[in-house]
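Trainee: Got a structure for you, questions after.
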Amino acid sequence: MSNKHGNLSINSDNIFPIIKKWLYSDHDIFFRELISNGCDAITKLKKLDLMGEYELPADYEAKIQILVNPEEKTLKFIDNGLGMTANEVEEYINQIAFSGATDFLEKYKDKASEEQIIGHFGLGFYSAFMVADEVHIDSLSYQNDATPVHWECDGGTEFDMSDGSKTTVGTEITLFLNEDCLEFANEYRAKEIIEKYCSFMPIPIYLAKENAEEEYETIPADEVTEKDKVIETIIEEAKFEEKENEDGTKEQVEISPRTEKAKIVKRPVSLNDTHPLWAKHPNDCTDEEYKSFYRKVFQDYKEPLFWIHLNMDYPFNLKGILYFPKINTEYDSIEGTIKLYNNQVFIADNIKEVIPEFLMLLKGVIDCPDLPLNVSRSALQNDGFVQKISDYITKKVADKLTGMCKTDKESYEKYWDDISPFIKFGCLKDEKFCDKMNDYILFKNLDDKYLTLPECLKVEEENAETADGDADTSESSENNSENETDSEQPEDEKDSRKPIYYVTDKQQQGQYIKMFKEQGMDAVILDHNIDTSFITQLERRNEKIRFVRIDADLTDSLKEEVSEEELKEALDTLTETFRKALNNENLKVSVEKLKNAEISSVITLSEEGRRMQDMMKMYGMAGMDPSMFGGDQTLVLNANNELVTYILEHKDSEHVPVFCEQLYDLALLANHPLTPDAMGKFIARSNQIMLLLAK
């Protein structure tokens, strides 16, 4: 072939500078593209061998070599794939955006093949110009009597092509790095990038420093292979020592045997795992392999809770492993990583089009060769197919969780506290996931027993039946009074939904919990900051239930049956007394006869009002008055308690205002923490009361 000088065939004016600067968002990605091209070339050659169109040498070992040379400021990518002829260089290199992989697949589309071709795009090679002032190609085609070809370009739109000197089949690409990109000729930097993008590519990748001094290693002589270059053989003779027997005789005993070792040129070690765990069938993987893979990929030495192995061939090809890590208590601090691969080539972390948002709390890998990537392989084209992949992944996660709950509930319960924020977030973000998980969400009750939503409803029904039984034993006059009250309430104002009582802080709400337990009632623990939004959604999707915090109101089961008239006088007197003592004319007071006489007072806040307060805190409006939204609280006084009775009978005593303030603060403390100012007054008042008793 005569020397040839020409212009690159570019369809759009000035596209080359755009390719050079803006083709990829990360400049180090050229490693991935050039190594991928090498993988393609090797895969094609192996296919030709399988199809009988080429015969690989008996000692053929597929590999990609990267040579860094910081002194010469060069970087070389060498593969032993099928190489290129001058015509192919003209077609695939000089005509930008013509895809060799596409052309190859089209030619052999009717012939069976097992392996995938990585490349979809003709622009990958040109990523080299993002970091190089000049690029050379030396290639020798597998075809009989092929002439080696040499190609070079200095980053403009012109090239030079001539006969080359390469003697082995394959391609060698040399990058002459520009001054801003010399870091890529550093061996450690190159290793870091290769491990980032190419850890699982299907062809072994080797990295070395060009012209570096040979390194050596010593191995047992019987482990030497034909490929090893032996420098010397090292023999250590057996060692003996004299030992005296019981009969006084002495003999020589061998304490270390004769060994023969070989000093060889250090064997190259590939940087990648060509058979990643996700590519294997789940039945062929052990628990230790899953854990080891997790540690290696995510550098997380805390064991994952469990994992899901995705393995699908139809209607699209998708494989992967999703790990459930031990999730932190607060949702804000959860960070997961889902690594997306295309045919074992790393694409990116956490691509939201493929990975549902809530699954990004997990760690894992997903490999889908069918993904419709754009020209840089870094982002997805807008495609309805992608949504199907996302839906499939969601379904598999839900199937795994529901299946575990059905068949291994003990393990499911063991993991629940760690995975519940993830599941609740998933239910908020994905309706299909929520539909599947609805009956498999667990709630921990006051005795630390886990209940599903249907089981919670069953418990509440039993509580209601117990309460009805107690009501049947009360006096008929009280029943009549209660019935009259019920009849006065319009039917459409009654809430027919079944309540599920819950606790957000077992210590803070301990007084209410005690009252519940005394009456054989139960509640569930909802102490995560995602729970307020979560139960609101559950109520919307399950119209027959409502969640009520344990201190939102006093259920009838905690109270004695009395008529309103019986307590009216006490209510009027105590309301006036407490409003005056607390200097609060808007204070809402209620008087009940609680079955537990030890309890003097409690604060109740309507469920709607409390949720409004939580929402205001979430949006930074904690200082606003909740009563603006109907969230005013009620002081409930127990007419069966001695202290309340004393205040009622001695309303004009000089000590009553202090007792009222103290009783009110005690009720508040059982509901939520006092403000620093209120706590200071509470402590001072407590000291004052103790002094009164001391006198």
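The values are calculated or read from the model by the stated rules, or taken from the named source; none is laboratory data. Here the structure is a predicted model, which means the values were calculated and not measured. All Cβ positions, glycine included, derive from the backbone under ideal geometry; neighbour counts span all protein chains shown. Just the protein is used for accessible areas: all its heavy atoms, side chains included, with ligands, DNA and RNA removed. Shrake-Rupley method; radii C 1.70, N 1.55, O 1.52, S 1.80 Å.
Trainee: Looking only at segment 580-611, filter to residues that are aliphatic (A, V, I, L, M) and closer than 22 Å to Lys517 by Cβ; which one of those is most open to solvent (accessible area, probe 1.4 Å)? Outline the logic, then answer.
Mentor: Here is the first cut: in segment 580-611, the ones aliphatic (A, V, I, L, M) are 581-582, 587, 589, 591, 594, 597, 599, 602-603, 605.
Filter once more, keeping what is closer than 22 Å to Lys517 by Cβ: 594, 597, 599, 602-603, 605.
On the way: Leu594: 2, Ala597: 50, Ile599: 10, Val602: 0, Ile603: 0, Leu605: 13 Å².
Among those residues, the one meeting the criterion is Ala597.
Trainee: Something else: Looking only at segment 676-686, count how many residues are free of Cβ contacts under 8 Å to residues at least 24 places away in the same chain and open to solvent by less than 80 Å² (accessible area, probe 1.4 Å).
Mentor: In the first step, residues of segment 676-686 are kept if they are free of Cβ contacts under 8 Å to residues at least 24 places away in the same chain; the result is 676-684.
The next check asks that each one be open to solvent by less than 80 Å² (accessible area, probe 1.4 Å); those that pass are 678-680, 682, 684.
Residues meeting the conditions: 5.
Trainee: For segment 346-360, enumerate the residues that are out of contact with any strand residue (DSSP E or B) (no Cβ under 9 Å at 6 or more places or on another chain) and either buried (at least 17 other Cβ atoms within 10 Å of the Cβ) or at pLDDT 85 or above (or both).
Mentor: Pro356, Phe358
Trainee: Mind checking whether some residue in segment 102-111 is at pLDDT below 80 and either crowded, with 18+ Cβ neighbours inside 10 Å or closer than 30 Å to Pro268 by Cα (or both)?
Mentor: To start, the set of residues in segment 102-111 that are at pLDDT below 80 comprises 102-111.
Then drop every residue that is not either crowded, with 18+ Cβ neighbours inside 10 Å or closer than 30 Å to Pro268 by Cα (or both), which leaves 104.
Within segment 102-111, one or more residues are at pLDDT below 80 and either crowded, with 18+ Cβ neighbours inside 10 Å or closer than 30 Å to Pro268 by Cα (or both).
Trainee: Could you tell me which of the residues Asp417, Asp408, Asp370, Asp399 is under 19 Å from Ile321 (Cα atoms), modelled with pLDDT of 85 or more and among the acidic types (Asp, Glu)?
Mentor: Numbers: Asp417 fails: under 19 Å from Ile321 (Cα atoms); Asp408 fails: under 19 Å from Ile321 (Cα atoms); Asp370 fails: modelled with pLDDT of 85 or more.
Of Asp417, Asp408, Asp370, Asp399, the one residue that is under 19 Å from Ile321 (Cα atoms), modelled with pLDDT of 85 or more and among the acidic types (Asp, Glu) is Asp399.
Trainee: Can you pull out the residues in segment 243-277 that are among the aliphatic types (A, V, I, L, M) and free of Cβ contacts under 8 Å to residues at least 40 places away in the same chain? Even if it seems obvious, please write down each step before you answer.
Mentor: Going residue by residue through segment 243-277, those that are among the aliphatic types (A, V, I, L, M) are 253, 255, 262, 264-265, 269, 271, 277.
Those that are among the aliphatic types (A, V, I, L, M) and free of Cβ contacts under 8 Å to residues at least 40 places away in the same chain: Val253, Ile255.
Trainee: Still on this structure, I have one more. From the residues in segment 641-665 that are outside any helix (DSSP H, G or I) and under 19 Å from Ser590 (Cβ atoms), which one is least open to solvent (accessible area, probe 1.4 Å)? Explain how you work it out, then say what you get.
Mentor: At the first step, the residues of segment 641-665 found to be outside any helix (DSSP H, G or I) are 641, 650-655.
Remaining after also requiring under 19 Å from Ser590 (Cβ atoms): 641, 651.
Working: Asn641: 15, Lys651: 102 Å².
Out of the qualifying residues, it is Asn641.
Trainee: Could you check how many residues of segment 403-412 are assigned to a helix (DSSP H, G or I) and open to solvent by 50 Å² or more (accessible area, probe 1.4 Å)? I'd like the intermediate steps shown before the answer.
Mentor: In the first step, residues of segment 403-412 are kept if they are assigned to a helix (DSSP H, G or I); the result is 403-407, 409-412.
Subset that is open to solvent by 50 Å² or more (accessible area, probe 1.4 Å): 406-407, 409-410.
Summing the residues that are assigned to a helix (DSSP H, G or I) and open to solvent by 50 Å² or more (accessible area, probe 1.4 Å) in segment 403-412 gives 4.
Rundown of residues vs (1) open to solvent by 30 Å² or more (accessible area, probe 1.4 Å); (2) within 17 Å of Tyr323 (Cα to Cα), yes/no style:
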| position | (1), (2) |
| --- | --- |
| Glu260 | yes, no |
| Pro268 | yes, no |
| Leu271 | yes, no |
| Pro276 | no, yes |
| Pro282 | yes, yes |
| Cys285 | no, yes |
| Lys291 | yes, yes |
| Tyr294 | no, yes |
| Val297 | no, yes |
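Trainee: Now a separate question. If you check every pair at least six apart or on different chains, which have Cβ atoms under 7 Å apart with a residue in segment 127-147 that is under 19 Å from Glu90 (Cβ atoms) first and a residue that is aromatic (Phe, Trp, Tyr) and buried (at least 23 other Cβ atoms within 10 Å of the Cβ) second?
Mentor: Qualifying pairs under 7 Å: Ala128/Phe30; Val135/Phe129.
Trainee: Looking at this structure, is Ser2 open to solvent by 30 Å² or more (accessible area, probe 1.4 Å), farther than 30 Å from Glu179 by Cα, modelled with pLDDT under 90 and of a type outside the set (Phe, Trp, Tyr)? Talk me through it step by step, then tell me what you get.
Mentor: Values: open to solvent by 30 Å² or more (accessible area, probe 1.4 Å): yes; farther than 30 Å from Glu179 by Cα: yes; modelled with pLDDT under 90: yes; of a type outside the set (Phe, Trp, Tyr): yes.
Yes, satisfied.
Trainee: Quick check on my filter: what residues within segment 666-675 are loosely packed, with under 12 Cβ neighbours inside 10 Å and in contact (Cβ under 8 Å) with a residue 40 or more places away in the chain? Talk me through it step by step, then tell me what you get.
Mentor: To start, the set of residues in segment 666-675 that are loosely packed, with under 12 Cβ neighbours inside 10 Å comprises 673, 675.
Answer for segment 666-675, where residues must be loosely packed, with under 12 Cβ neighbours inside 10 Å and in contact (Cβ under 8 Å) with a residue 40 or more places away in the chain: just Pro673.
Trainee: Within the bounds of segment 216-233, is there any residue that is in a loop (DSSP other than H, G, I, E, B), open to solvent by 90 Å² or more (accessible area, probe 1.4 Å) and at pLDDT 85 or above? Before you say what the answer is, go through the steps one by one.
Mentor: At the first step, the residues of segment 216-233 found to be in a loop (DSSP other than H, G, I, E, B) are 224-229.
Add one more test, that the residue is open to solvent by 90 Å² or more (accessible area, probe 1.4 Å), and what stays is 226-227, 229.
Pick out the ones that are also at pLDDT 85 or above and you get 229.
Yes, segment 216-233 contains a residue that is in a loop (DSSP other than H, G, I, E, B), open to solvent by 90 Å² or more (accessible area, probe 1.4 Å) and at pLDDT 85 or above.
Trainee: Right, next: Counting only residues that are over 23 Å from Asn343 (Cα atoms), in a loop (DSSP other than H, G, I, E, B) and not hydroxyl-bearing (Ser, Thr, Tyr), how many does segment 248-298 have?
Mentor: The qualifying residues number 6.
Trainee: Here's something else I'd like to know. Before we move on, is Tyr126 modelled with pLDDT of 95 or more, of a type in the set (Phe, Trp, Tyr) and surrounded by 15 or more Cβ atoms within 10 Å (Cβ to Cβ)? Reasoning before the result, please.
Mentor: Values: modelled with pLDDT of 95 or more: no; of a type in the set (Phe, Trp, Tyr): yes; surrounded by 15 or more Cβ atoms within 10 Å (Cβ to Cβ): yes.
Taking the combined requirement at face value, the residue does not satisfy it.
Trainee: Against the condition more than 22 Å from Asp28 (Cβ to Cβ), surrounded by fewer than 20 Cβ atoms within 10 Å (Cβ to Cβ) and aliphatic (A, V, I, L, M), how does Ala208 come out, does it pass? Lay out the reasoning, then the answer.
Mentor: Working: more than 22 Å from Asp28 (Cβ to Cβ): no; surrounded by fewer than 20 Cβ atoms within 10 Å (Cβ to Cβ): yes; aliphatic (A, V, I, L, M): yes.
Taking the combined requirement at face value, the residue does not satisfy it.
Trainee: Which residues, counting only those in segment 299-323, are among the polar types (S, T, N, Q) and either in a strand (DSSP E or B) or free of Cβ contacts under 8 Å to residues at least 12 places away in the same chain (or both)? Can you show your working first?
Mentor: The first filter runs over segment 299-323 and keeps only residues among the polar types (S, T, N, Q), leaving 299, 311, 317.
Listed by number, the residues that qualify are Gln299, Asn311.
Trainee: Quick check on my filter: what residues within segment 388-402 are surrounded by 13 or more Cβ atoms within 10 Å (Cβ to Cβ) and without any contact (Cβ under 8 Å) to a residue 60 or more places away in the chain?
Mentor: The answer is Ser390, Asp391, Thr394, Lys395, Ala398, Leu401, Thr402.
Trainee: Also: Return yes or no: is Gly623 at pLDDT below 90 and either among the aliphatic types (A, V, I, L, M) or farther than 20 Å from Gln511 by Cβ (or both)? Explain how you work it out, then say what you get.
Mentor: Working: at pLDDT below 90: yes; either among the aliphatic types (A, V, I, L, M) or farther than 20 Å from Gln511 by Cβ (or both): yes.
When the stated conditions are applied, Gly623 passes them.
Trainee: For Phe240, are the conditions met, namely being touching a residue at least 12 places away in the same chain (Cβ under 8 Å) and either loosely packed, with under 11 Cβ neighbours inside 10 Å or outside any strand (DSSP E or B) (or both)? First the steps, then the outcome.
Mentor: Details: touching a residue at least 12 places away in the same chain (Cβ under 8 Å): yes; either loosely packed, with under 11 Cβ neighbours inside 10 Å or outside any strand (DSSP E or B) (or both): no.
When the stated conditions are applied, Phe240 does not pass them.
Trainee: When you check Glu566 against the structure, is it free of Cβ contacts under 8 Å to residues at least 60 places away in the same chain and closer than 21 Å to Pro454 by Cβ, yes or no?
Mentor: So Glu566 does not fit the description; no.
Trainee: So for segment 184-204 (the condition being modelled with pLDDT of 85 or more, touching a helix residue (DSSP H, G or I) at 6+ places or on another chain (Cβ under 9 Å) and assigned to a strand (DSSP E or B)), does at least one residue qualify?
Mentor: No: zero hits.
Trainee: Just to be sure before I move on: is Gly320 crowded, with 17+ Cβ neighbours inside 10 Å, under 23 Å from Pro421 (Cβ atoms) and modelled with pLDDT under 75 in the structure I sent? Show your work before the answer.
Mentor: Details: crowded, with 17+ Cβ neighbours inside 10 Å: yes; under 23 Å from Pro421 (Cβ atoms): yes; modelled with pLDDT under 75: no.
No, not satisfied.
Trainee: Need a quick list: helices (runs of 4 or more DSSP H) entirely within segment 465-565 having at least 1 residues that are surrounded by fewer than 17 Cβ atoms within 10 Å (Cβ to Cβ) and modelled with pLDDT under 80.
Mentor: Numbers: elements: 476-488, 510-518, 531-541.
The qualifying helices (runs of 4 or more DSSP H) are 476-488.
Trainee: Can you name every residue in segment 141-165 that is among the charged types (D, E, K, R) and either buried (at least 20 other Cβ atoms within 10 Å of the Cβ) or farther than 26 Å from Glu71 by Cβ (or both)? It would help to see each step written out before you state the result.
Mentor: Taking segment 141-165 and keeping what is among the charged types (D, E, K, R), we get 145, 152, 154, 158, 160, 163.
Hits for segment 141-165 are Asp145, Glu158, Asp163.
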